[in-house]
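Peer 1: Provided herewith is a single structure, encoded as structure tokens, for subsequent inquiry.
The values are calculated or read from the model by the stated rules, or taken from the named source; none is laboratory data. Bear in mind that the values here come from a model prediction, so they are computed numbers and not experimental data. Glycine gets a Cβ as well: all are built from the backbone with ideal geometry, and neighbour counts include every protein chain shown. When the accessible area is computed, the model is the full protein with side chains, heavy atoms only, and any ligands, DNA or RNA have been set aside. Shrake-Rupley method; radii C 1.70, N 1.55, O 1.52, S 1.80 Å.
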Amino acid sequence: MVDLCASHLQSCFSIADLGGGTGYFTQLMLQHMQQPPDYVSCVDPYLAKDDELESGIHFLKIDAIEYLEQLDRKVDGFLLKEMLHHIPDQYRLFQNLAEIFKRNNGGRALIVTRPDNPHLIWFPRIAQVFKESCVDIEHARQLAEKAGLRWSQTLHDFPLQFTVDEWSELLRSRFWSIFKEFSDEELEEGIEYMRKQNADESVLHFPDRYWLIDITLK
């Protein structure tokens with residue numbers, strides 16, 4: 001995953017990771033680039049810090065759309081990894097990207113998001129909640145094209161392997177925001193269901209599936 005993101009944005013001289021959280025993935029991506037960009041920012045409204053420089057990354061505590069609308073420097077690369085479903089006005093987001101690309105005579109954005117059926121091993125209720133909360137890819141594509149952007153998507157599988165116990169503990173850790181929809185009791189019931197469905201398996205093998213969507217100006 002990190003190699004693919006680094007490869008997609010390698011040609012950009014200035015990159016903003018929108019919704020980049022702690023900046024951990026941003027740092028990994030930079031390490032996999034042959035030539036690091038001149039400027040890198042991690043943009044997230046929930047950062048504990050604001051307007052700080054750390055490990056070559058500028059941390060900015062601001063909403064993604066506000067950042068794009070207030071952007072006063074040339075940025076030609078944008079990463080939107082697992083954050084598009086948090087944007088209520090996606091058309092406004094795409095309009096801003098189109099304006100920036102026009103102003104800069106080019107640029108690109110890389111959207112990374114899971115499909116509504118990611119083929120993970122879990123339980124029916126969480127699969128339903130996930131499907132309801134994930135990005136409507138076709139609708140997002142239509143909005144991007146309406147804003148004057150070119151949309152090119154490819155589906156990638158990243159193999160995963162866990163013991164049943166390891167996967168159970170990861171589910172208990174609530175590693176995704178959608179787990180907040182479940183009480184401790186509901187989560188334990190779901191984990192028990194998953195374990196019974198895989199009672200004959202000591203090791204689970206399944207793909208972590210993502211859309212990688214390259215966005216440029218038409």
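Peer 1: Please tell me the relative contact order of region 18-133 in percent, rounded to the nearest whole number, where contacts are Cα pairs under 8 Å and at least six residues apart.
Peer 2: Relative contact order for region 18-133 comes out at 21 percent.
Peer 1: Follow-up question, since we're still on this one. Just 173, 14, 152 to compare: in a GNM of the chain, with alpha carbon springs under 10 Å, which one fluctuates most?
Peer 2: Judging by the Gaussian network model, the answer is 173.
Peer 1: Under a 1.4 Å probe, what is the accessible area of region 108-218 per residue, stated in Å²?
Peer 2: The answer is 55 Å² per residue.
Peer 1: What percent does the relative contact order of the chain come to when contacts are Cα pairs within less than 8 Å and at least six residues apart?
Peer 2: So the answer I get is 21 percent.
Peer 1: If you don't mind, there's one more thing I want to ask. Rounded to the nearest percent, how much of the accessible area of the chain (1.4 Å probe, protein heavy atoms only) is carbon and sulfur?
Peer 2: Taking all protein chains in place, the chain shows 46 percent carbon and sulfur surface.
Peer 1: If you average the C-alpha positions of region 188-218 and of region 93-115 separately, how far apart do those two centres end up, in angstrom?
Peer 2: About 29 Å separates the Cα centre of region 188-218 from the one of region 93-115.
Peer 1: At a Cα cut-off below 20 Å, give the aspartates and glutamates reachable from residue 196, other chains included and same-chain residues fewer than 8 away excluded.
Peer 2: Partners within reach: 165, 166, 169, 184, 185, 186, 188.
Peer 1: Note the listed values (i) 34; (ii) 29; (iii) 24, then indicate which one is percent of Cα pairs over 28 Å apart calculated from this particular structure.
Peer 2: Answer by label: (i).
Peer 1: Here's something else I'd like to know. At a probe size of 1.4 Å, how large is the accessible area of residue 158, to the nearest 10 Å²?
Peer 2: In the full protein context, residue 158 sits at about 40 Å².
Peer 1: On to the next question. Pick out, in residue order, every one of the trypsin sites (Lys or Arg not before Pro) in region 1-109 that is DSSP loop and has at most 14 other C-beta atoms within 10 Å; say none if there are none.
Peer 2: Passing both the DSSP loop test and the Cβ count: 49, 73, 74.
Peer 1: In the structure displayed, which of 180/218; 81/180; 81/218; 49/146 lie more than 30 Å apart, Cα to Cα?
Peer 2: Violating the 30 Å limit, Cα to Cα: 180/218; 49/146.
Peer 1: Further, regarding this structure: If each DSSP helix of 4+ residues adds -39,500 (n - 2.57) and the sum is divided by the residues in the chain, what number results at 222 nm, nearest 500 deg cm²/dmol?
Peer 2: Mean residue ellipticity at 222 nm (helix-derived): -11000 deg cm²/dmol.
Peer 1: Per residue, how large is the accessible surface of region 24-87? Use a 1.4 angstrom probe and give square angstrom.
Peer 2: 55 Å²
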